[in-house]
Amino acid sequence: MKVIVFQDVKPHRLILPVIAAVVMAVLCLKPVEGLAEQPLRIGFSIEALGPINQNDALAAIKVFARNFAEGQGLYVEPQPILFSSFTEIEQALKKESVDCISMASRDFKSLQNLMSMDDLVVPVRNDSFTEEYVLVVNKKSNIHLANELEGHSLELLEGPRMLLALPWLESELQKAGVKKAHGFLSSIRVKTKLQDALLPVFFGKSDACLVTRKGFAAMAELNPQLMQQLTVVAESHEYVPVVFGFRRSYKGSVKNRIVQMVERWHTTVAGQQILTIFQADRLLLRPVDCMESTFALLDRHPIVDPVQRNTSQGHSVQVKVQ
């Protein structure tokens, strides 16, 4: 049986438009005469950015920003900052050395006292800013429920859109009386590409995979035989895995102008170009109550054991669960 393998949508590319659009919004602000310019200090966690070359991402944003600024006759120096840990983000917010950050939702929840609870920026793809997860198995496997995965292997798609996938899976297992996925599953094989997570299950080389609903639907649309061989045995609620927010103490006209411009960015030629490059349709400002289901999940799973992996070269990694 022939299976079409296509270049899957990179989950991390939905995060970069947020950074790029905010940079563009800042570039549209002309400096106030007589006042020293203070570039907006934009940060994002490596975890939220995803498994891509961070230097390339920073370089692309800076080049685009510089060219745009020169075209507008403005003097602006964007300063994107990379954070490699929760502690670094927390310290930067306390020291007020960063103004806005793209971060994992679980970090945002833990930093609510330092982050503004208004004006959350989220990228929209296919009319949705949330993510749903599905647990997929081969129909021949005789696995019908999540708690029937004991001793079986799992293919796990990684990326910023998948940051809440394992907490959700553990919540499903806990409903069946399983305290931890660790010690229940035999192994987790982390994959950076959607097709590499789904196809081993399709061909019977792995027992299950955990992916996004949208990713599974997109691949199944191009490969109808996937729906004939694979089935969903568990599905999640809608969650917001990554947010872009402002430091609570960051105020002023610059922030107000950014907030006013973000949702209109896709209506400009430059905005459409950068959003297309990073595969997002538009940006939305959402109130903090859009995080209700996400926070509820994190309340049940405040501490998530990290899956040990090394994806610096983009390789799949097998993780034995002890």
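Just so you know, all these numbers are worked out from the coordinates, no wet-lab data involved. Keep in mind the model is a prediction, meaning the values are calculated, not measured. Quick reminder, even Gly has a Cβ in these numbers, built from the backbone with ideal geometry, and neighbours come from all protein chains shown.
Could you calculate the FRET efficiency of ALA218 with LYS139 from 1/(1 + (r/R0)^6), where r is the beta carbon distance between them and R0 is 22 Å, rounded to 0.05?
Working: r = 20 Å, r/R0 = 0.91.
Computed FRET efficiency for ALA218 and LYS139 comes out at 0.65.
First measure r as the distance between the Cβ atoms of ASP118 and GLU150, then evaluate 1/(1 + (r/R0)^6) with R0 = 45 Å and state the FRET efficiency to the nearest 0.05.
On the way: r = 45 Å, r/R0 = 0.99.
The formula returns an efficiency of 0.50 here.
Could you give the length gained by full extension between GLU263 and PHE203, i.e. 0.36 nm per residue of separation minus their alpha carbon distance, to one decimal place? Before the final figure, lay out the partial values.
On the way: separation 60, 0.36 × 60 = 21.60 nm, distance 4.31 nm.
Residue separation times 0.36 nm, minus the Cα-Cα distance, leaves 17.3 nm.
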**Prompt:** In region 127-161, which residues have a backbone nitrogen under 18 Å from the label point lying 7 Å from MET227's Cα in the Cα-to-Cβ direction?
**Reply:** 134-140
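Which entries of LYS109/LYS191; LYS95/LYS251; LYS140/LYS205; LYS109/LYS175; LYS139/LYS179; LYS139/LYS205 have Cα-Cα distances beyond 22 Å here?
Working: LYS109/LYS191 27 Å; LYS95/LYS251 15 Å; LYS140/LYS205 12 Å; LYS109/LYS175 24 Å; LYS139/LYS179 26 Å; LYS139/LYS205 13 Å.
Pairs exceeding 22 Å: LYS109/LYS191; LYS109/LYS175; LYS139/LYS179.
Got a sec? How would CYS290, CYS100 order by Cβ neighbour count within 10 Å, fewest to most? Can you show the working numbers first?
Values: CYS290 16, CYS100 25.
Arranged by neighbour count, lowest to highest, CYS290, CYS100 become CYS290, CYS100.
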**Request:** Mind listing the long-range amide H neighbours of GLY43? Cut-off is under 5 Å, sequence gap 5 or more, other chains count too, H placed in the peptide plane at 1.01 Å from N.
**Result:** ILE81, ASP99, CYS100, ILE101, SER102
**Item:** Cα centroid separation - region 91-119 against region 144-214, whole Å
**Value:** 30 Å
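Local charge sum around GLN229 (other residues, Cβ-Cβ under 9 Å, Lys/Arg +1, Asp/Glu -1)? Each step should come with its number before you reach the end.
Values: positive: LYS139, LYS140; negative: none.
That works out to +2.
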**Residue order, fewest to most beta carbons within 10 Å, for THR231, THR212, THR87** = THR87, THR231, THR212
**Asked** Hey, what do the phi angles of region 210-220 turn into as Karplus ³J(HN,Hα) couplings, whole Hz, using 6.51/-1.76/1.60 and θ = phi - 60°, x for Gly and Pro?
**Response** 10, 9, 7, 4, 5, x, 5, 5, 5, 6, 5
**Request:** Enumerate the calculated ³J(HN,Hα) couplings along region 223-237 in order (Karplus 6.51 cos²θ - 1.76 cosθ + 1.60, θ = phi - 60°), each rounded to whole Hz, writing x wherever the residue is Gly or Pro.
**Result:** 10, x, 5, 4, 5, 6, 9, 10, 9, 8, 9, 7, 9, 8, 6
**Fill in**
For LYS191, the residues 5 or more places away or on another chain with a placed amide H closer than 5 Å to its own amide H are LEU156, LEU157, GLU158
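Shape verdict for region 105-150, please, from the Cα gyration tensor: rounded (a/c under 1.5), prolate (a/b greater than b/c) or oblate. Please list the in-between numbers first.
On the way: a/c = 6.88, a/b = 2.16, b/c = 3.18.
Since a/c reaches 1.5 but b/c is at least a/b, the shape of region 105-150 is classed as oblate.
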**Nonlocal amide H pairs with LEU120, under 5 Å, H built at 1.01 Å** = ARG286
**Message:** Rounded, prolate or oblate for region 152-247? Axes are the square roots of the Cα gyration tensor eigenvalues, ordered a ≥ b ≥ c, and the cut-off for rounded is a/c under 1.5.
**Reply:** oblate
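Can you sort LYS179, LYS214 by how many other beta carbons sit within 10 Å, fewest first?
Values: LYS179 10, LYS214 19.
Fewest-to-most ranking of LYS179, LYS214: LYS179, LYS214.
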